[in-house]
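The structure under discussion appears below in the form of structure tokens.
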Amino acid sequence: QVQLQESGGGLVQAGGSLRLSCAASGRTFTRYTIGWFRQAPGKERELVARIAWNDGSTYYADSVKGRFTISRDNAKNTVYLQMNSLKPEDTADYYCAADPRVWVPTVRAWDYWGQGTQVTVSS
């Protein structure tokens, strides 16, 4: 069992930065792939970034490549999402999720979810 708690959301102007944190409980945190997702009003939840547990490989959605960076600190059981050059279209609720698989086929297939943190980017 893994419990996840996001933090770090807030209101920021376009071009600004935020760092989201996903704190996990559970001694086997290092054996879970962690993903960051977002869901804007009226839209489906989408995968933004993912970091695999086995080799630390990362994946980014095209919309955030070059602006967002996912990283993990296993000693702190925490995964971060550094978001730079934020745009109004990045406004959404951001969620982290965990799964023991290296590659998770769909959004709904992820095993564990946090409650989310809101990010608002003003123009």
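The values are calculated or read from the model by the stated rules, or taken from the named source; none is laboratory data. Everything numeric here is computed off the predicted structure, so don't read it as measured data. Cβ placement follows ideal geometry from the backbone for every residue including glycine, while neighbour counts extend to all protein chains displayed. For the accessible areas, the whole protein counts, side chains as well, though only heavy atoms, and no ligand, DNA or RNA atoms are used. Shrake-Rupley method; radii C 1.70, N 1.55, O 1.52, S 1.80 Å.
Values for this structure:
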| item | result |
| --- | --- |
| Gyration tensor verdict on the stretch 1-59 (Cα atoms; rounded if a/c is under 1.5, prolate if a/b is larger than b/c, oblate otherwise) | prolate |
| Most mobile listed residue (Ala75, Ala23, Ala52) in the chain, GNM with C-alpha springs under 10 Å | Ala75 |
| Accessible surface ranking that places the most exposed of Asp93, Asp62, Asp111 first, with a 1.4 angstrom probe | Asp62, Asp111, Asp93 |
| Ranking by accessible area, most exposed first, for Lys87, Lys76 with a 1.4 Å probe | Lys76, Lys87 |
| Accessible area of the stretch 1-64 belonging to carbon and sulfur atoms, whole % at 1.4 Å probe | 44 percent |
| Hz values of 3J(HN,Hα) by residue in the stretch 29-43 - Karplus curve (6.51, -1.76, 1.60), Gly and Pro given as x | 3, 5, 9, 10, 6, 10, x, 10, 10, 9, 9, 8, x, x, 10 |
| Simple Cβ-charge dipole of the chain, Lys/Arg +1 and Asp/Glu -1, about Cα centre, in debye nearest 20 | 180 debye |
| Heavy-atom accessible area per residue - the chain, 1.4 Å, Å² | 53 Å² |
| Sequence of Thr78, Thr106 when ordered by accessible area, the most exposed leading, probe 1.4 angstrom | Thr106, Thr78 |
| Quarter of Cα convex hull surface for the chain, i.e. mean projection, nm² | 6.8 nm² |
| Candidates Arg38, Arg101, Arg72: whichever shows maximal mean-square fluctuation once the chain is modelled as a Gaussian network with Cα springs under 10 Å | Arg101 |
| Local electrostatic count, Ala109, Cβ distance below 15 Å [Lys/Arg +1, Asp/Glu -1] | 0 |
| For the stretch 4-60, size of Cβ-based charge dipole, Lys and Arg +1, Asp and Glu -1, in debye | 80 debye |
| The stretch 30-75 - charge dipole about Cα centre, Lys and Arg +1 at Cβ, Asp and Glu -1, debye rounded to 20 | 80 debye |
